[in-house]
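All remarks here apply to the structure that follows.
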Amino acid sequence: MKSFWCERAWLPGGVASRVLVRADRGRIASVSTVDTIPLGCERLYGMVFPGFANAHSHAFHRGLRGRTHGDGGTFWTWRDRMYDLASSLTPDSYLRLARAVYAEMAVAGVTAVGEFHYLHDGGNEMGEALRQAALDAGIRITLLDACYLAGGIGQPVRGVQERFSDGTGEKWAARVADLREDDNTRVGAAIHSVRAVPRETLSLVAGAFPERPLHVHLSEQPAENQACLDAYGLTPTELLAEAGALSPRLTAVHATHLSTSDISALGSHGVGACFCPTTEADLADGIGPARELVDAGSPLSLGSDQHAVVDPLLEARGLEHGERLRTGQRGRFAPAELVAALTNHAALGWDAGRIEVGMPADLVAVRMDSVRTAGCTDEQVVLAATASDVSVVVSGGKVVARNGVHETLGDVGRLLTEAL
């Protein structure tokens, strides 16, 4: 049994002060308010949130940070640089890089990551490296194994894309079936995009693992939409609907360039939407209709995608700021809605993200006295804090980070430098 005293805590019913959280075998056993702090418990000052969920990650993209900004270009020229990086990785080097990336997430408050994994190499060695990296970093992982069969609509895979492909949907499904879940790992599926999975294979991928999470890159670029319309006379959302892929287990990543009917279809089927504001800004993708999706019935989650920044609090703020820039209106999302997106572990197949009995004991203490947060109201600290204000991170009842240093892996900057 471990105990954590929280100066303030973001509970399902609202913010409370002097909250005692007791954890047993990694799960919350009790939550209460106390007048006297018990001896021997860990004190967490500031605002304590549930653990953050990073719902969309490509761990190896971290190697591109600070290397693709200086000469302009487009999403498609950035992709060429990404392919160059992908061609160089081995299971051992990917383990070292992913371990450092997940440690970077851990010190920022992430306790579960959704790894949208398509660097397969025809087997599961890369996936096993990612599983081990998350375990080493002390965070849970949902391995979203992506089917990737085409280099574009009607185009074969070429060059490094051959590392992403299993050849057929059936071979992809058979390989993914060999991946095993454990206490720290969930296995889900992913349709890389309507560019990379042919129309005739979409329904197979969508239905292969019906009880598990399913993710898809959706309408990230106008060129993707136009290619889909030209080839099939359907938007990517309409193509997924035809394949029977729209359901609450599906999360549409980016969902940037949607028609009104697309929004209605996604919302009416309870499809989640994962926004990655710092990546979408970095790649000049655009600003998606987040508020309209929520109002239509789509729950939101957040991801750091290519890791131009690993800071869940900045992603939450970027979600609201994108809405303000798009509409000219402030307060498009209330702080509680931003926290709900920050802590949406359900998108990854985990019942987590709330400080209540039975949940994983995931706690993120954010300072309320830093140069960024001093003077903030409790609820609005989410609109002022950054990862630099995260002081203590607890994952599964264990402290994994303090003041930006990983408890077992040490200085994350050193880890990243060595891995890169």
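Numbers at a glance
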read-out	value
Long-range neighbours under 7 Å by Cβ, at least six apart or interchain, first residue on the phi > 0 side of the Ramachandran plot within the stretch 307-321, second open to solvent by 10 Å² or more (accessible area, probe 1.4 Å) and assigned to a helix (DSSP H, G or I)	H307/R62
Residue selected from the stretch 121-164 under the condition free of Cβ contacts under 8 Å to residues at least 40 places away in the same chain and closer than 28 Å to R99 by Cα, by the criterion farthest from the chain's Cα centre (by Cα)	E162
Residues that are open to solvent by less than 30 Å² (accessible area, probe 1.4 Å), out of contact with any Leu (no Cβ under 6 Å at 6 or more places or on another chain) and of a type in the set (G, A, S), drawn from the stretch 366-386	S370, A384
Among the candidates L119, L20, L44, residue that is in contact with a helix residue (DSSP H, G or I) (Cβ under 6 Å, 6 or more places away or on another chain) and among the aliphatic types (A, V, I, L, M)	L119
For D351: the one exception among (1) within 19 Å of V113 (Cα to Cα); (2) crowded, with 21+ Cβ neighbours inside 10 Å	(2)
Given (1) under 30 Å from T111 (Cβ atoms); (2) open to solvent by less than 10 Å² (accessible area, probe 1.4 Å), number of the condition D182 does not satisfy	(2)
Filter result for the condition that a residue is open to solvent by 10 Å² or more (accessible area, probe 1.4 Å), outside any loop (DSSP other than H, G, I, E, B) and touching a His at 6+ places or on another chain (Cβ under 8 Å), over L95, L85	L85
V216 being assigned to a loop (DSSP other than H, G, I, E, B), open to solvent by less than 40 Å² (accessible area, probe 1.4 Å) and among the β-branched types (V, I, T)	no
Those residues of the stretch 176-206 which are in contact with an Asp or Glu (Cβ under 9 Å, 6 or more places away or on another chain) and outside any helix (DSSP H, G or I), in sequence order	L179, V187, G188, A189, A190, S193, V194, R195
Exclusive hit being touching a strand residue (DSSP E or B) at 6+ places or on another chain (Cβ under 7 Å), farther than 23 Å from H217 by Cβ and open to solvent by less than 30 Å² (accessible area, probe 1.4 Å), set A53, A9	A9
Criterion violated by L363 - all others in (1) more than 18 Å from V15 (Cβ to Cβ); (2) open to solvent by less than 10 Å² (accessible area, probe 1.4 Å) satisfied	(1)
Qualifying positions in the stretch 129-148 - charged (D, E, K, R), part of a helix (DSSP H, G or I) and within 14 Å of A112 (Cβ to Cβ)	R131
Some residue of the stretch 388-398 being under 23 Å from the mean Cα position of the chain (by Cα), surrounded by fewer than 16 Cβ atoms within 10 Å (Cβ to Cβ) and closer than 27 Å to L143 by Cβ	yes
Test for E292: is it closer than 30 Å to A334 by Cβ, free of Cβ contacts under 8 Å to residues at least 40 places away in the same chain and open to solvent by 10 Å² or more (accessible area, probe 1.4 Å)	yes
Index of the failed condition, A103 passing every other in (1) part of a helix (DSSP H, G or I); (2) closer than 30 Å to L229 by Cβ	(2)
Residue check for S268: within 15 Å of N54 (Cα to Cα) and either at pLDDT 95 or above or aromatic (F, W, Y) (or both)	no
Top-ranked residue of the stretch 106-120 - restricted to ones that are of a type in the set (G, A, S) and not in a helix (DSSP H, G or I), ranked as nearest to the chain's Cα centre (by Cα)	G114
Counted residues, the stretch 352-369 - those being under 15 Å from K398 (Cβ atoms) and touching a helix residue (DSSP H, G or I) at 6+ places or on another chain (Cβ under 8 Å)	1
Where A308 falls short, out of the listed (1) open to solvent by 40 Å² or more (accessible area, probe 1.4 Å); (2) touching an Asp or Glu at 6+ places or on another chain (Cβ under 6 Å); (3) among the small types (G, A, S)	(1)
Selected residue (criterion: modelled with the lowest pLDDT) from residues of the stretch 121-173 that are open to solvent by less than 30 Å² (accessible area, probe 1.4 Å) and among the β-branched types (V, I, T)	V160
Selection count where residues are of a type in the set (A, V, I, L, M) and closer than 20 Å to G138 by Cα, scope the stretch 180-200	1
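The values are calculated or read from the model by the stated rules, or taken from the named source; none is laboratory data. Just so you know, these numbers come straight off a predicted model, no measurement behind them. Using ideal geometry, Cβ is built from the backbone for each residue, glycine included, and neighbour counts are taken over all protein chains shown. For the accessible areas, the whole protein counts, side chains as well, though only heavy atoms, and no ligand, DNA or RNA atoms are used. Shrake-Rupley method; radii C 1.70, N 1.55, O 1.52, S 1.80 Å.
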